[in-house]
Amino acid sequence: MTHYFSDNKDLPHNYRTINFDFNGINFKFNTDSGVFSNTEVDFGTYVLLDFIKDQDIKGKVLDLGCGYGVISIVLSKFFDIETYGVDINSRAINLAKKNAKLNNVDVDYLISDCFSDIDYMFDEILVNPPIRAGKKVVYKMFNDSYDYLNKNGNLWVVIRKQQGASSAVNEIKSKFNNCDIVKKKKGFWILKATKY
């Protein structure tokens with residue numbers, strides 16, 4: 001069985017374009033079969049963006065496990081940042097590149113198994129983790145993020161309470177020595193950890 005967190009380039013296509021109205025701006029996203037949340041922008045991503053839009057986001061920013069590019073594209077509209085997105089799914093990355101052009105933003109997208117093909121450091125890393133990939137994969141995303149953050153850089157995570165938010169907090173704390181629950185909304189928690 002294929003999942004959106006695998007490279008499933010042989011899956012039959014089912015293209016569609018979805019609208020996402022956010023903070024007075026209409027975004028359009030091309031999606032396809034085999035990518036996460038391909039019929040609408042998922043609520044967790046919305047909760048994360050709704051919180052992040054009011055934060056002081058700057059510098060070099062990574063959308064880790066970017067899918068078809070929602071987080072990186074929206075952030076590029078709201079902040080003067082250098083934005084990157086990575087995903088293991090080549091289909092998702094191809095869509096993200098098209099979506100950046102469609103929404104008139106500049107984002108550098110790369111096919112990568114998390115950080116395997118990355119040699120940059122970042123000031124902010126954002127992740128809506130692929131829960132179905134399992135804790136081993138998700139926790140590796142959290143822990144490896146530490147090594148790719150500059151000093152005082154932040155990891156931002158959105159995760160559902162019933163999908164292991166409490167254990168995610170403990171895992172992140174074990175690496176970062178801190179992790180704050182900065183927002184709770186309709187079962188979703190936003191977590192922030194800073195590399196000191």
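So ASP123 clears everything in (1) surrounded by 14 or more Cβ atoms within 10 Å (Cβ to Cβ); (2) touching a residue at least 60 places away in the same chain (Cβ under 8 Å); (3) under 25 Å from VAL35 (Cα atoms) except one condition, right? Which one?
Single failed check for ASP123: (3).
I'd like the full set of residues that are within 17 Å of ILE190 (Cα to Cα) and either modelled with pLDDT under 95 or surrounded by fewer than 19 Cβ atoms within 10 Å (Cβ to Cβ) (or both), limited to the range 147-164. If you could, list the steps in order and put the result at the bottom.
Looking only at the range 147-164, we keep the residues that are within 17 Å of ILE190 (Cα to Cα), and these are 153-164.
Passing the criteria: ARG160, LYS161, GLN162, GLN163, GLY164.
Check off (1) touching a helix residue (DSSP H, G or I) at 6+ places or on another chain (Cβ under 6 Å); (2) at pLDDT 95 or above; (3) on the phi > 0 side of the Ramachandran plot for ASN177 and give me the number that stays unchecked.
(1)
Go through the range 146-196 and count every residue that is small (Gly, Ala, Ser) and closer than 23 Å to LYS58 by Cα. Steps first, please.
Going through the range 146-196, the residues small (Gly, Ala, Ser) turn out to be 153, 164-168, 174, 187, 193.
Now narrow it down to the ones that are closer than 23 Å to LYS58 by Cα: 153, 193.
Counting residues in the range 146-196 that are small (Gly, Ala, Ser) and closer than 23 Å to LYS58 by Cα gives 2.
Just name the residue that is nearest to the chain's Cα centre (by Cα) out of those in the range 60-88 that are among the small types (Gly, Ala, Ser) and under 13 Å from VAL127 (Cβ atoms).
Initial filter on the range 60-88 (among the small types (Gly, Ala, Ser)): 65, 67, 69, 72, 76, 85.
Restricting the remaining residues to those that are under 13 Å from VAL127 (Cβ atoms) gives 65, 67, 72, 85.
On the way: GLY65: 5, GLY67: 7, SER72: 7, GLY85: 8 Å.
The selected residue is GLY65.
If you take the residues in the range 183-194 that are farther than 11 Å from LEU155 by Cβ and without any contact (Cβ under 8 Å) to a residue 60 or more places away in the chain, which one is surrounded by the most Cβ atoms within 10 Å (Cβ to Cβ)?
Taking the candidates together, the pick is TRP189.
Which pairs have Cβ atoms under 9 Å, sit 6 or more apart or on different chains, and link a residue in the range 88-114 that is in contact (Cβ under 8 Å) with a residue 60 or more places away in the chain to one that is part of a loop (DSSP other than H, G, I, E, B) and aliphatic (A, V, I, L, M)?
ASN89/VAL35; ARG91/LEU11; ARG91/VAL35; ALA92/VAL35; LEU95/VAL35; ASN99/VAL105; ILE111/ILE88
Give all pairs with beta carbons closer than 7 Å in which a residue from the range 1-29 that is closer than 12 Å to GLU40 by Cα and among the charged types (D, E, K, R) meets a residue that is modelled with pLDDT of 95 or more and not in a strand (DSSP E or B); count only pairs at least 6 apart in sequence or on separate chains.
From residues that are closer than 12 Å to GLU40 by Cα and among the charged types (D, E, K, R), the pairs are LYS28/LEU102; LYS28/ASN103.
Could you grab the pairs with beta carbons closer than 9 Å, sequence gap of 6+ or different chains, first residue in the range 132-146 and over 13 Å from ALA168 (Cβ atoms), second one surrounded by 16 or more Cβ atoms within 10 Å (Cβ to Cβ) and among the basic types (Lys, Arg)?
From residues that are over 13 Å from ALA168 (Cβ atoms), the pairs are TYR146/LYS175; TYR146/LYS195.
Right, ASP180: under 30 Å from ASP10 (Cα atoms), surrounded by fewer than 17 Cβ atoms within 10 Å (Cβ to Cβ) and acidic (Asp, Glu) or not? So that I can check it myself, show each step before the final result.
Values: under 30 Å from ASP10 (Cα atoms): no; surrounded by fewer than 17 Cβ atoms within 10 Å (Cβ to Cβ): yes; acidic (Asp, Glu): yes.
Criteria not met by ASP180.
The values are calculated or read from the model by the stated rules, or taken from the named source; none is laboratory data. Because the structure is predicted, anything quoted here is derived from the model rather than measured. Please note: Cβ atoms are built from the backbone with ideal geometry, for glycine as well, and neighbour counts cover all protein chains shown.
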